[in-house]
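First up is the structure itself, then whatever we jot down about it.
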Amino acid sequence: MTDRAAPVGDGDPYERRRRAMVQHHVAGRGITDRRVVAAMKRVRRDRFVAPAMAEFAYEDRPLPIDAEQTISQPYIVAVMAAAAEIEPKDRVLEIGTGSGYGAAVLGCLAEEVWTVERHHVLVVKARIRLAAEGFSNVHVVEGDGSLGWPDAAPFDAIVVTANAPSVPPALCDQLADGGRLVLPIGPQRASQELARIRRSGDRITTEDLGSVRFVPLVGEEGWPLDPLLIAESP
Ligand code: SAH
């Protein structure tokens, strides 16, 4: 992992704040997976937000990014990365690139990461940021991630960082044997549960990991784009 991410030099003005954030809000809130904690210490969240937002990057909260989306709260990024049980040789799919921050964390943990985003401006910016931070093993692709990314399937883990009304069947189909799918499910947008779905052979099991709140997964197997249709959904 250490050779994939950019080195954290003495000149990093945020290193101290990043370590404190991880200590209090990641390790301090029960994330025990050492590789996840190390990844959270390594990825410079301040580089994945607009310069005016950098000073808030080490607060444990979502922040606005382009296209009216958000960069996820660091604690939740760590929870999802740990729940995905990623091994160093794994191939991972992330749905919802946003800023690229979560993909960078996954990039520290996995051999290769594909991350899908529907907003072009976010795709372009995430590619630039991930390249600048040295994540050559993370591939940002543009499209509707509710359909997964069949070109690179199967995946050992799939992490969805936007809320789906129900489990998109394509994502289950693209899980490798033994694969884990971690996603926020909410039949109503206000009440969402983080679920972990595991495939072993033809068997699919689901675990509930607690309440969360994410922006909607908008797509063919997600929420419709039209806000009126969203309001009318059950
Ligand atoms: N992982 C991100 C969080 C992004 S928020 C980060 O670390 O910054 C969720 C993202 O999912 C948004 O950028 C949104 O545009 C994207 N999204 C929503 N529906 C999508 C879909 N069907 N396909 C791909 N991306 C989608």
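Numbers for the structure displayed
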read-out	value
Calculated [θ] (222 nm, deg cm²/dmol) that DSSP helices of n ≥ 4 give over the chain, each run adding -39,500 (n - 2.57)	-7000 deg cm²/dmol
Cα-based Rg and Dmax for segment 1-151, where Dmax is the largest Cα-Cα distance (Å)	14.1, 43
Label-point separation, residue 50 to residue 220 (7 Å along Cα→Cβ), nm	3.4
Per residue Cα convex hull volume in Å³ - calculated over segment 25-89	98
Additional length obtainable on full extension of the chain from residue 32 to residue 177, 0.36 nm per residue less Cα span	49.7 nm
Percent of alpha-carbon pairs separated by more than 23 Å within segment 105-234	35
DSSP loop GluC sites (Glu not before Pro) with at most 15 other Cβ within 10 Å: longest gap in the chain	112-219
Chain lengthening between residue 213 and residue 89 when straightened (0.36 nm per residue, less Cα-Cα)	41.6 nm
Relative contact order (percent, whole number), the chain, Cα cutoff 8 Å, 6+ residue spacing	15
Heavy-atom surface of the chain, accessible at 1.4 Å and reported per residue (Å²)	46
Of all accessible heavy-atom area on the chain, the percent that carbon and sulfur account for (1.4 Å)	52
Segment 36-154: relative contact order as a whole-number percent, Cα under 8 Å and 6+ apart	23
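The values are calculated or read from the model by the stated rules, or taken from the named source; none is laboratory data. Just so you know, these numbers come straight off a predicted model, no measurement behind them. Here Cβ is always computed from backbone atoms with ideal geometry, including for glycine, and neighbour counts include all displayed protein chains. Surface areas here come from the heavy atoms of the whole protein model, side chains and all, with no ligands, DNA or RNA. Shrake-Rupley method; radii C 1.70, N 1.55, O 1.52, S 1.80 Å.
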